Amino acid sequence: MGEMPHQDRLAAGVSDAFRTFAAELEKRMPGRSDVYALFDSDGRYMIHHPFSPEAAAHPVTAESFLSEPFITAFTACTRDRSYRTAALDWPPSSLEAHPYVLASLPIFSEDNTLIAYLVRIAGDGTPETVLADSMQLVGIAFAAYMEKEIAEGRSRALHTRYDELERKASGKEALYEMAMQIHKHNDVDQVLTELISILEQLLSGRTFEIYLSHDQYCSIASVKPLLFRQLDGDSRLLAFTEGRLVVGIDGEGKPDEAVFPLRGNQGVYGVLRLAITDGIQPDAETIYGITMLADTAGSAFENARLYEQSNRLVSELRLINEITQRLNQSLKLQDIFHFASTELRHIFDAEFSCILELDKANSELIVRASEPASFFSEHIATDYGFAGRVVTTKEPIIISDYHADRTIRSVWMDATNSRSLLASPIMVEGSVVGVILVTHRRAHYFSYDNYKLLQTLSGHIGLAVSNASLHAEVRKMVQTDRLTGLFARHYLDDQIGLFQKKDYCGSLVVVDIDDFKKVNDTHGHQIGDRVLIQVSAIIRSCIREGDIASRWGGEELAVYLSQATKEQAMHVAERIRRRVLAETSPKVSVSCGVSDWNREDEKVSVESLFYRADMALYKAKHSGKNRICIG
């Protein structure tokens, strides 16, 4: 409520003082036939009080003071703002007016401002001196009443103002308590539930709605998503994008809604819409209260969201640390793929997962880990499906509903009947080496936070894959001969020792290139190296996948044949001998020594096996070369 202007307050005080004064005067001076009236400083009628016994027969009304005789007499008395009298025929409503005297006394405020004229209409028989003295006394009395009434009016105004301020203070204290209630929660849903409860009390049945932007999740059914496909000029969209109160206008130009932004320090998270059903905009106090609550809710929502995010980040960091440690515990690629696939299903509470490795040589993706397992070892073209899109773009993908948009076909999505998808590339030194797919049969299942977390995890999986690949490469370098590509002697020794612990039997063939020194002396070492490479390739092509071919030393090569008898070894050695003689250029021959072992031997050892094969080779070399002997 606004405070009454000073002039209006003064006029009200003067009128109230006149009523009190006139009533008191009538009690103290009964039987008077006078009329007292009050006019403002501009000569406009305010109020009157008749004392005349004739009032019942000839009532004096406000119109009585608009008669020409009265106006003429009153104007003559007020020209110089001092006490004056004038003759007057009165009352004007009588058929036969009687002679009266109009006496006018100006009334001044404490600061000598003219605020009113006190007018007395007395009988013509009243002596002028008596009239002047009585008017001065009446004026003093009226001034006293006026000052008293004005003072009381001021006091009443101050009390009213105090009550108003106290009410506002009480309202602000209540709003503060409401704000504290909202701010005490660290959960987004609890913040909004508290806001809804407060608004239901504060707005007493008015219709209101809360909208959140699409990237803010809330499980409360009454909280609606703020869609950005609204028409231009939509009050909700304006309040959200501009961060200010927007009052909507209906087709008749009347306000029909007030929309308040839910603002935090870092942005706007939604809006609060208040319906206006009567076309009358809420008063300023209500607008202030709702604005404060909306801002408080926006700030509390932001704090709760940041609290949730910080907790989630801590959990994610702990999770990433644990997974990284476990990934690095194994240096076998297949173990890494299997562990990562299992853990990703657990982390995202997903139903299906798949990890594919990129085979650049054949331009295809190979499934290395999968749930369902039926897809394991499947080969997929690098331009097919979501995995192909990830390989092409090197960018992650999130699909909310595969059934709603099938611009990309996926056999895996169809087979699992999945609708939600997360996909991310496995990167090593800027190149894609694989793809991760995680799915669920429910639409809109994965969040944007899940999408970002998968990107982070795929980076760590990429590091584990890189470490395992480097380890395998280093191990291969240590275990193989650089020139021939065959295994090194120490690797052969170790593997034969393992075979002798688990197998029943096995055979060893030692191959020596005849007259290899002559080849080097005649054609040079580069040609000699080429011959070594040719013979090594022939040996590899003559043995089984599980057999081991190695460079035993210099021009000597060795082949271990697992679970093979010496007769079988002889056939392999003969095949090698014939092909070397037929396929090498420059043409060379080889001599071979064969030895074997089985469980029934008295002594089974790697050294014994090699010794007997070496003796057989010595025999072949000294009995004409280009032949095979058994130790």
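Before moving on, here are some points about what is shown:
- Counting the residues of segment 513-540 that are touching a residue at least 12 places away in the same chain (Cβ under 8 Å) and more than 16 Å from Lys587 (Cβ to Cβ) gives 4.
- Any hit, segment 431-445, residues being polar (S, T, N, Q), under 20 Å from Ser353 (Cα atoms) and either modelled with pLDDT of 85 or more or assigned to a helix (DSSP H, G or I) (or both): yes
- Within segment 494-518, being surrounded by 19 or more Cβ atoms within 10 Å (Cβ to Cβ) and within 20 Å of Leu617 (Cα to Cα) holds for Ile496, Gly506, Ser507, Leu508, Val509, Val510, Val511, Asp512, Ile513, Asp514.
So that you can scan it fast, the table gives a plain yes or no per residue for (1) loosely packed, with under 13 Cβ neighbours inside 10 Å; (2) of a type in the set (S, T, N, Q); (3) more than 33 Å from the chain's Cα centre (by Cα); (4) in the same structural domain as Arg442 (by TED's automatic domain parsing):
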position: Ser353; (1), (2), (3), (4): no, yes, no, yes
position: Ser410; (1), (2), (3), (4): no, yes, no, yes
position: Asn417; (1), (2), (3), (4): yes, yes, no, yes
position: Ala423; (1), (2), (3), (4): no, no, no, yes
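- Selected residue (criterion: farthest from the chain's Cα centre (by Cα)) from residues of segment 365-404 that are buried (at least 18 other Cβ atoms within 10 Å of the Cβ), assigned to a strand (DSSP E or B) and of a type outside the set (A, V, I, L, M): Arg368
- Some residue of segment 530-549 being touching a Lys or Arg at 6+ places or on another chain (Cβ under 6 Å) and within 23 Å of Lys502 (Cα to Cα): yes
- In segment 230-257, the qualifying residues are those that are surrounded by 14 or more Cβ atoms within 10 Å (Cβ to Cβ) and touching a helix residue (DSSP H, G or I) at 6+ places or on another chain (Cβ under 7 Å), and the one that is modelled with the lowest pLDDT is Gly248.
- Residues of segment 386-413 that are in contact with a strand residue (DSSP E or B) (Cβ under 9 Å, 6 or more places away or on another chain) and among the small types (Gly, Ala, Ser): Ala387, Gly388, Ser400, Ser410.
- Filter result (over 16 Å from the mean Cα position of the chain (by Cα) and basic (Lys, Arg)) within segment 257-275: Arg273
- Checking the stated criteria, Ala613 turns out to be among the hydrophobic types (A, V, I, L, M, F, W, C) and either on the phi > 0 side of the Ramachandran plot or not in a strand (DSSP E or B) (or both).
- Test result for Ile336, under 23 Å from Asn450 (Cβ atoms) and of a type in the set (A, V, I, L, M, F, W, C): yes
- The sole residue among Lys625, Lys619, Lys587 that is in contact with a Gly (Cβ under 8 Å, 6 or more places away or on another chain) and farther than 19 Å from Gln563 by Cα is Lys619.
- Among residues that are of a type outside the set (Gly, Ala, Ser), outside any helix (DSSP H, G or I), without any contact (Cβ under 8 Å) to a residue 60 or more places away in the chain and surrounded by fewer than 16 Cβ atoms within 10 Å (Cβ to Cβ), Glu607 is not included.
The values are calculated or read from the model by the stated rules, or taken from the named source; none is laboratory data. Owing to the predicted nature of the structure, the values given are computational and were not obtained by experimental measurement. Glycine gets a Cβ as well: all are built from the backbone with ideal geometry, and neighbour counts include every protein chain shown.
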